[in-house]
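Visitor: Pasting a structure here, questions to come.
The values are calculated or read from the model by the stated rules, or taken from the named source; none is laboratory data. Because the structure is predicted, anything quoted here is derived from the model rather than measured. A quick note on method: Cβ atoms are made from the backbone with ideal geometry, for glycine too, and the neighbour counts reach across all protein chains shown. In case anyone asks, the SASA skips ligands and DNA or RNA and just uses the protein heavy atoms, side chains included. Shrake-Rupley method; radii C 1.70, N 1.55, O 1.52, S 1.80 Å.
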Amino acid sequence: RMGIERMSLDVQSLKDNLDLNFQESICVGSSLGGSVILHLLSESESKPFLTVLISPNPDFKLPPILGRLLLSMPLFMISIVKKYVKWHILNFKIDRKTNPEQAEKYVRTFDAAEPWKVRNSARYVTKFKAWKFLPRLDANIIIAGATTDKIHESDRNIKVGKLINNSRYIDFWTN
């Protein structure tokens, strides 16, 4: 299972195995990694000294029909869908001219994604909903977003920040 909960347990295990003092730590996560840290904070009694979340996803919006198709289609078809999603992001979600570095990061990520992992992750990640536990979080959190980020939607990041006690939002305009 490659869901947020599983990844959060992995981070908890790493923290325990390294014998880290969580209260003296600074946690940093971006996008999916930020979602993992949100879940970790919701399950942990102790909180880090500071948490920096860069465009965390409070949920993963996947059109229901695409989700059902993705979970049932053969692996070779997932490769085709992956190419389409990459094309869509590069042509409609990222301004490649003003932000070529960000575009290149997405290209590398999509090219490296193995179809069976994409399908398995989609099965569990799309079930994640942080909205229900965000108001119960009370930790020193900085949420960073970017107004021009069409993938992570800064309005959602601002809403996340408003729901978490003791957090603040910083807008960097671009990511």
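Visitor: Report, by chain and number, residues whose modeled amide H sits under 5 Å from the one on LYS150, excluding near sequence neighbours (fewer than 5 apart, same chain).
Guide: Residues meeting the amide H criterion: none.
Visitor: If the reach is capped at under 22 angstrom between alpha carbons, list the lysines near LYS93, excluding any in the same chain fewer than eight residues apart.
Guide: The qualifying lysines are LYS61, LYS82, LYS83, LYS105, LYS150, LYS159.
Visitor: So, one more: Over segment 72-175, with a single point scatterer placed on each C-alpha, what log10 of the ratio I(q)/I(0) does the Debye formula yield at q = 0.14, 0.17 1/Å?
Guide: -0.74, -0.97
Visitor: Mean-square fluctuation check for the chain, GNM, Cα pairs under 10 Å: which of VAL36, VAL85, VAL28 is largest?
Guide: For the chain, modelled as a Gaussian network with Cα springs under 10 Å, the answer is VAL85.
Visitor: Ok, one more. Would you mind giving the average projected area, over all directions, of the Cα convex hull of the chain in nm² with one decimal? Working shown, then result.
Guide: Numbers: hull surface 41.3 nm².
If you wrap the Cα atoms of the chain in a convex hull and average its projections, you get 10.3 nm².
Visitor: Take the alpha-carbon positions of segment 88-139, form their convex hull, and give its projected area averaged over all directions (one quarter of the hull surface) in nm².
Guide: Numbers: hull surface 23.7 nm².
Computing the convex hull of the Cα atoms and averaging its projections yields 5.9 nm².
Visitor: In whole percent, what relative contact order does the chain give with Cα contacts below 8 Å and a gap of six or more residues?
Guide: Answer for the chain is 26 percent.
Visitor: OK, next. Which GluC sites (Glu not before Pro) from segment 1-102 combine a DSSP loop assignment with at most 13 other Cβ atoms within 10 Å? Intermediate values should be presented prior to the final figure.
Guide: On the way: sites: GLU5, GLU24, GLU43, GLU45, GLU101; in loops: GLU45.
For GluC sites (Glu not before Pro) across segment 1-102 that sit outside H, G, I, E and B with at most 13 neighbouring Cβ atoms in 10 Å, the list reads GLU45.
Visitor: I want to check the label-to-label distance for LEU71 and GLU5. Put each point 7 Å from Cα in the C-beta direction and report it in nm to one decimal.
Guide: Those two pseudo-labels are separated by 1.4 nm.
Visitor: Report in % the part of the accessible area of the chain that belongs to carbon and sulfur, leaving out ligands and nucleic acids; probe 1.4 Å. Don't jump to the answer; show the numbers that get you there.
Guide: Working: 6180 of 10450 Å².
Carbon-and-sulfur percentage of accessible area, whole number: 59.
Visitor: I've got another one for you. Need one word for segment 1-60: rounded, prolate or oblate. Basis is the Cα gyration tensor (sqrt eigenvalues a ≥ b ≥ c); a/c below 1.5 gives rounded, then a/b vs b/c decides.
Guide: Working: a/c = 2.03, a/b = 1.30, b/c = 1.56.
It comes out oblate by the Cα gyration axes.
Visitor: When the helix-only estimate is applied to the chain (DSSP H runs of n ≥ 4, each -39,500 (n - 2.57), divided by the residue count), what is the mean residue ellipticity at 222 nm, nearest 500 deg cm²/dmol?
Guide: About -14500 deg cm²/dmol.
Visitor: Which aspartates and glutamates, if any, have their Cα less than 20 Å from the Cα of LYS132, not counting same-chain residues under 8 positions apart?
Guide: Leaving aside aspartates and glutamates fewer than 8 places away in the same chain, those within reach of LYS132 are GLU5, GLU43, GLU45, ASP59, GLU153, ASP155.
Visitor: Here is a follow-up. Once you put a point 7 Å from the Cα of ASP111 and another 7 Å from the Cα of ARG136, both along the Cβ direction, what distance in nm separates them?
Guide: That separation, rounded to one decimal, is 4.3 nm.
Visitor: What angle do you read, to the nearest 10 degrees and between 0 and 90, between the alpha-carbon axis of helix 154-163 and the longest principal axis of the chain?
Guide: 30
Visitor: How much accessible area per residue does the chain have, in Å², with a 1.4 Å probe?
Guide: Heavy-atom accessible area per residue stands at 60 Å².
Visitor: As a test, work out the antiparallel percent of DSSP beta bridges whose residues both lie in the chain, rounded to the nearest 5.
Guide: On the way: 1 of 16 bridges.
Expressed as a percentage, antiparallel bridges in the chain total about 5.
Visitor: Please report how far the C-alpha centroid of segment 89-137 lies from that of segment 1-23, rounded to the nearest whole angstrom.
Guide: 21
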